[in-house]
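Have a look at the structure below before the remarks.
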Amino acid sequence: MAWIVIAIFSACFAQDRSARWDSAKANQWYDQQAWLVGANYVPSDAINELEMFQTATFNALLNDKELGMAESIGMNTMRVFLQDQFWLSDPSGARDRIDQFLTIAAKHHIRPIFVLFDSCWEPNPRLGPQHPPIPGVHNSGWVQSPGKERLMNPALEPELKAYVVGVVSAYAKDDRVLAWDIWNEPDNDGRDRAEDVPAKIRRVNELLPKAFEWARSAHPTQPLTSGVWKGNWSEPQKESDTTKIQLAESDIISFHNYDWPEKFEARIAELRTLGRPLICTEYMARGNGSTFDTILPIAKRERVAAINWGLVAGETQTYLPWDSWRRPYVTDQPTIWFHEVFRQDGRPYRQREIDLIRELTGRGFANPNIKPEMDPSAE
């Protein structure tokens, strides 16, 4: 009989390990972290997550330089997007390059949050060389994961499961990984008018809880999340079906907010009622009222982790505003940068922001990769 008891206990323990964290465990985990501040990171020579990690374009030296710049201003995390086709085409090679990236990040005391799926932008991603940036357009080469064809084909679901289980299993006990972001903006419309958006969202809502389940089957020591980003979060009956799934499945609560500081504070208040740690995984759009100066002090006061969009201006061109999709900035440049912290030559976009981040984190140091800010008129 003893072996039966042991077997039952073992089964229950395994089930508990694969369940959503309770709020006590989530808060205990968060209490063990330093205040988390970082950026959504794509190296400046990559237009998207495929170009960041594919064999021909993976650039360890540039990753090292740019993550060193992040460390020097006090950042200790990065949010980094992966892609299902990249992993499934060569799991061994993909793991090797992800491991190289983690080694570089750890050298700079940075623990990334990996994003597994993403519903934003180009719905037909292709492996291999990526197209060059479209002149004057914000984020003109970003790709979804999975793409439309792979998302909508139920016969390919086992491949998506293999991707999630494969990646999370590889790093489930790796202290270099901070957390797993299961799906970025799952109910985003994308940028293809030919997409059947309602059908897409229905399919995403079918897969989203499965994706959490697949990740949990690897028994990661890191928490899982998926960031809410639109709609009303103050009352459950007003939440979309997608938001309900995200909030019900996430161990820690993440959210996006590119609004004025009073709206940022209101969003925090809405989510505080859930009793779980809060991570803002996207913010800082200067032309939209969301800046380091206004948002970061609130995040520190509320002990909300803060991860802005963009580190170094480059191929993504996300220093250009969203309206560049309708009116590309080809002959004229925007009055102010939308996202990003640094220029490619290492100069900060705005020195006061660098000083503020260092001041609020209590970290950072002089870095030879960061050059003194020059008079813009000298450019």
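Points worth noting:
- Selection from the stretch 54-71 of residues that are closer than 21 Å to ARG347 by Cα, out of contact with any helix residue (DSSP H, G or I) (no Cβ under 7 Å at 6 or more places or on another chain) and among the small types (Gly, Ala, Ser): GLY68, ALA70
Results for (1) at pLDDT below 95; (2) surrounded by 12 or more Cβ atoms within 10 Å (Cβ to Cβ); (3) not in a helix (DSSP H, G or I), shown as yes or no for each residue.
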site: ILE6; (1), (2), (3): yes, no, no
site: ASP16; (1), (2), (3): yes, no, no
site: LYS25; (1), (2), (3): no, yes, no
site: ALA46; (1), (2), (3): no, yes, yes
site: GLU51; (1), (2), (3): no, yes, no
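- Single residue of the stretch 294-312 satisfying the filter (buried (at least 21 other Cβ atoms within 10 Å of the Cβ) and over 17 Å from the mean Cα position of the chain (by Cα)) that is nearest to LEU278 (Cα to Cα): ALA299
- Within the stretch 115-150, restricting attention to residues that are surrounded by fewer than 22 Cβ atoms within 10 Å (Cβ to Cβ) and among the aliphatic types (A, V, I, L, M), the residue that is farthest from SER44 (Cα to Cα) is LEU127.
- Scanning the stretch 303-355 for residues that are under 20 Å from ASN76 (Cα atoms) and of a type in the set (S, T, N, Q) yields ASN308, GLN351.
- Some residue of the stretch 281-293 being under 25 Å from ASN27 (Cβ atoms), surrounded by 15 or more Cβ atoms within 10 Å (Cβ to Cβ) and hydroxyl-bearing (Ser, Thr, Tyr): yes
- Count - residues of the stretch 318-347 that are surrounded by fewer than 20 Cβ atoms within 10 Å (Cβ to Cβ) and not charged (D, E, K, R): 12
- Counted residues, the stretch 89-114 - those being crowded, with 18+ Cβ neighbours inside 10 Å and farther than 30 Å from ARG363 by Cβ: 1
- Looking only at the stretch 190-246, residues that are over 20 Å from TYR258 (Cα atoms) and of a type in the set (Gly, Ala, Ser) come to 6 in all.
- Meets criteria (surrounded by fewer than 17 Cβ atoms within 10 Å (Cβ to Cβ) and outside any loop (DSSP other than H, G, I, E, B)) for ARG352: yes
- Pick from the stretch 266-289, criterion touching a residue at least 60 places away in the same chain (Cβ under 8 Å) and outside any loop (DSSP other than H, G, I, E, B), ranking: farthest from ILE252 (Cα to Cα): GLU282
- When PHE365 is tested against (1) exposed (fewer than 15 other Cβ atoms within 10 Å of the Cβ); (2) at pLDDT 95 or above; (3) of a type in the set (Phe, Trp, Tyr), just one condition goes unmet, and that condition is (2).
- Residue pairs whose Cβ atoms lie under 8 Å apart, separated by 6 or more positions or on different chains, with the first residue in the stretch 41-69 and under 16 Å from ASN367 (Cα atoms) and the second outside any loop (DSSP other than H, G, I, E, B) and aromatic (Phe, Trp, Tyr), are ASN63/PHE101; GLU66/PHE342; MET69/PHE342.
- Looking across LYS200, LYS148, LYS173, one residue alone is among the basic types (Lys, Arg) and closer than 30 Å to TRP29 by Cβ. It is LYS173.
- The single condition among (1) under 18 Å from the mean Cα position of the chain (by Cα); (2) assigned to a helix (DSSP H, G or I) that ILE201 does not satisfy is (1).
The values are calculated or read from the model by the stated rules, or taken from the named source; none is laboratory data. Keep in mind that what you see is a predicted model, and the values were worked out from it rather than measured. All Cβ positions, glycine included, derive from the backbone under ideal geometry; neighbour counts span all protein chains shown.
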